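Written out below as C-alpha cells is the structure these notes cover.
The values are calculated or read from the model by the stated rules, or taken from the named source; none is laboratory data. Note that the structure is predicted; figures quoted are calculated from it, not measured. So basically every Cβ, Gly included, is an ideal-geometry build from the backbone, and we count neighbours across all protein chains shown. Accessible surface areas use protein heavy atoms only, side chains included; no ligands, DNA or RNA. Shrake-Rupley method; radii C 1.70, N 1.55, O 1.52, S 1.80 Å.
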Amino acid sequence: MTEQRPLLEVTDLVKHYPVRGGVLRRQVGTVHAVDGVSFALGTGETLGLVGESGCGKSTVARTVLRLVEPTSGAIRLDGEDIAPLSKTALRPYRRSMQIVFQDPFASLNPRMTAGDIVGEPLSVHGIATGAKKQERVAELFQQVGLRADQMRNFPHQFSGGQRQRICIARALSLGPRLIVCDEPVSALDVSIQAQVINLLIDLQRKQNFSYLFIAHDLAVVAHISHRVAVMYLGRIVEIADKHELFANPRHPYTQALLASVPIADPKAKRSAPLIDGDVPSPINPPSGCAFHTRCRYAIDRCKSERPALQAAGSRHQVACWLNDGTGRDE
Amino acid sequence: MSEALPAETVLDVKNLQTVFFTNSGLFRAVDDVSFTVRRGETLAIVGESGCGKSVSALSIMRLVPDPPGRIVGGSVTLEGTDLLKLDDAAMRDIRGNRISMIFQEPMTSLNPVIRIGDQIIEAVRLHQKVSSKEAWKQAVDMLRLVRIPEPERRAREYPHQLSGGMRQRAMIAMALACRPALLIADEPTTALDVTIQAQILALIVDLQQRLGTGLILITHDLGVVAQTAQRVIVMYAGKKVEEATVESLFETPLHPYTRGLMASIPAVPSPDAREDVRLIEIPGMVPSLTKLPPGCAFAPRCKLAVDRCRQEYPPLDEVKSNHWAACWRAGEMAEAS
C-alpha cells in the first residue's frame, strides 16, 4: 500500500481551542487537542486510533472530515488538500467521506423513518429521487442486514445494534471511500458488538473503502485494524502494523496500555499497573515528551526535548528517545 | 483477619425474586436467583443489559424503586440477618455501614456541592458516634488508604476538582469508611480509561483482601472477571444460567450463552499471532423480559437448542463439581470437553 498514493494523507495536523476567562473573555490559555499529527491511510485499509479520553483521537477524526476546522496542517484526500477549501468547494469531497458515531440513539432523527434517514444523503447530493431512491435504500438495508420492510419504521422501533446498522447504511449510501468510525460499538451490548464488527469487516472486503477507526477498547481496535496508531495528549506516539505493534510495543506508553487490558483468562498473570496517575491536562501539556511525567524510563532529555516519530523497524514508527531497544520490555 | 475464618459466609441470597409492574405487563427482573459470598471473596455477576444483574444488587440493598418494582420472594441474609424482614430504619443502619455500593459513574454519585472529606464524614457519622474532628481524621485516613496523593488537601476539594480515577477512589474511600462486611461494585470501572481501570481494580482487590470484605463485582467485561473474581455467576434474562469458579468457567464454560459470549469478544492479539480469527456472533438479540419465550430464554439464539429447550426451562444442575449450568445439553458439553 505504500507504493501507490494513499487515499488519505494527514500532515502536521493541529487543532487548538482557546480557553477564555475573566470579565473581558480574554484568551487565558490553549487546549492542545491535536498537536502535530501525521499519518497516511491506504485504499481498503483500516487505521485504528487508540488512546485514553482527551488524547485527541475524536478531534483528529472530526478534523479530517472538516466537521471541526483545523488550526493548521494539511489533509489530502487523493492528493487534494481539503483543509483550505471553502464550504462549497468542499461539498463534492464530502460524498467520499462519511462517519458513524458512537451513540446510535443520539445520531438518528427520531421523527424520520429509517428509510428516510438512509435516503436523505441521496436527495441532498441529488443522486436519486422517487422510486430510484427507494430502490437504492432497500438495497442498502439488505447490505447491512436489515429487511426492506423495516424502512417504514422509526428509530425507536429498532434495537441498539439495528440502529447502528441504520447509521452504517446511511454512511454507505453515497459510496464513500473513507468511513470514520468513532467508537461505533462502545454503546452496544457485548453479544451485539461482534455482529457489528463482522458487518464492518465484510462491507470493507466487498467495497474496498478505508476506515479510520477510533475506539478506546484495544481488543476491538486490534481486531478490525490493519495498522494502529497510539495517541497521547494530542500526538501520535507510536504507529505500526497491528501484529507488529502488539508483538513489539516500543513506546513505554503503548506497553503500559497493552499491559492494562484485562485478559479473559484467569491463568494469565496480572501484572502490576505499569503507570500511575492520570493523563495531564492538555491545557498545559508537559514539556518535552508529554508522557515523561508518568514514564518509568524517563531521562533528562525527555523533559526538555520533544521526540519526533522515527522509524523503528519496517512500517513501525515510535516517538521516544529510548528508541534504540532500551525502551523495550526488559 | 481473613485467615481466621476463611469460609465464613457473609451474604446468603436464596431464591430472590424481584418483579416490575409496567404498562406492558409484569416482568421478572430477577427470577429465583440464589448465591453466597464469603469473607474476602469476590463473586462476579456477568451479563448484558437487562439481564437482572444490577436489579439483584439493588434488591440486596433494598433500593429497588417501589413502585414499579417489588421484591416478591426469597431471602437476603447478611451476617445472619434477613434484610428483607427489616423495617426501613433498621435497613438504613445497614446501608453504608455493613453493605456499601460503588456505582459506575463517580461524577453522578458524588454530591457536586459538598467537599470530598465532608461526604466521607457523612457516611462515618451516620453510623458511628465520633466527634467531627475525629471523623475528619478518619476521612483523611481513608483517602490515604485509597492512595490519593495529598489527602489533607484533597479532602477539602470538591468533586469537579478531581479526575475520574480520583473520584472513583474517593467513592471507594466512602464505601469502605465503615468497614462493611459486603461491598457491591456495579460496573466500577466501565466509565474509566483502561490504564485507570487497571489501577482501580488493583486497589479494590488489595483493600478487599486486606479488610476481609466480601465483594460482589457486577460487570459485562469477561477480562475484568478473569483477573479479579474467584467465583462467577452468569445471568441471562433474569435467571442465573451458570455458576462456577473462575478457573472452571473459563476452562469449560457449560452454558451455550457463556460460550457464545466468550467466542464473540475480540482478544488483544497475542505476540505470536499472525492470523485474524473471525468473531463468532450470537445471532439475534437479548429478549424483552415481558415477552419471554416458553422454555429456555436463550433457546431462540442457541445453536444447540432442541425441541425440549423450547418447551421446558432447564433446571440448574451441578454438571461438574462446583459448576452449575441451566441447560438441557450441559451434560453432553461437559463430556465432550
Taking the range A:28-76 as the search range and keeping residues that are out of contact with any strand residue (DSSP E or B) (no Cβ under 6 Å at 6 or more places or on another chain) and among the aliphatic types (A, V, I, L, M), which one is farthest from the other protein chains (Cβ to nearest Cβ)? A:Leu67
If we keep only residues of the range A:1-42 that are open to solvent by 50 Å² or more (accessible area, probe 1.4 Å), not in a strand (DSSP E or B) and not basic (Lys, Arg), then the residue nearest to A:Gln310 (Cα to Cα) is A:Thr2
Considering only the range B:288-299, I want to know if a residue exists there that is surrounded by 14 or more Cβ atoms within 10 Å (Cβ to Cβ) and either within 8 Å of chain A (Cβ to nearest Cβ) or acidic (Asp, Glu) (or both). no
Among (1) open to solvent by less than 70 Å² (accessible area, probe 1.4 Å); (2) more than 17 Å from A:Arg250 (Cβ to Cβ), there is one condition A:Glu305 misses while meeting the rest; what is its number? (1)
Suppose the filter is at the interface with chain B (Cβ under 7 Å from one of its Cβ atoms) and hydrophobic (A, V, I, L, M, F, W, C); does A:Ile236 pass it? no
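Would you pick out the residues in the range B:183-206 that are away from chain A (no Cβ under 14 Å) and either crowded, with 24+ Cβ neighbours inside 10 Å or over 17 Å from the mean Cα position of the chain (by Cα) (or both)? Before the answer, list the steps.
The first filter runs over the range B:183-206 and keeps only residues away from chain A (no Cβ under 14 Å), leaving B:183-186.
Correct list: B:Leu183, B:Ile184, B:Ala185.
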For the range B:1-76, give me every one of the strands (runs of 3 or more DSSP E) that falls completely inside it and has 3 or more residues that are open to solvent by 20 Å² or more (accessible area, probe 1.4 Å), at pLDDT 90 or above and more than 21 Å from B:Ala297 (Cα to Cα). B:9-22
Inside the range A:187-238, can you point out the residues that are free of Cβ contacts under 8 Å to residues at least 24 places away in the same chain, of a type in the set (D, E, K, R) and closer than 17 Å to A:Gly161 by Cβ? A:Asp202
Considering the range B:115-134 alone, what residues qualify as being over 23 Å from B:Leu203 (Cα atoms) and in contact with a helix residue (DSSP H, G or I) (Cβ under 6 Å, 6 or more places away or on another chain)? B:Arg125
Among residues of the range A:201-233, those that are under 20 Å from A:Ile168 (Cβ atoms), of a type outside the set (A, V, I, L, M), within 14 Å of chain B (Cβ to nearest Cβ) and open to solvent by less than 10 Å² (accessible area, probe 1.4 Å), counted: 2
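Would it be correct to say that A:Leu67 is assigned to a loop (DSSP other than H, G, I, E, B) and hydrophobic (A, V, I, L, M, F, W, C)? Can you show your working first?
Working: assigned to a loop (DSSP other than H, G, I, E, B): yes; hydrophobic (A, V, I, L, M, F, W, C): yes.
Yes; evaluated as a whole, the condition is true for this residue.
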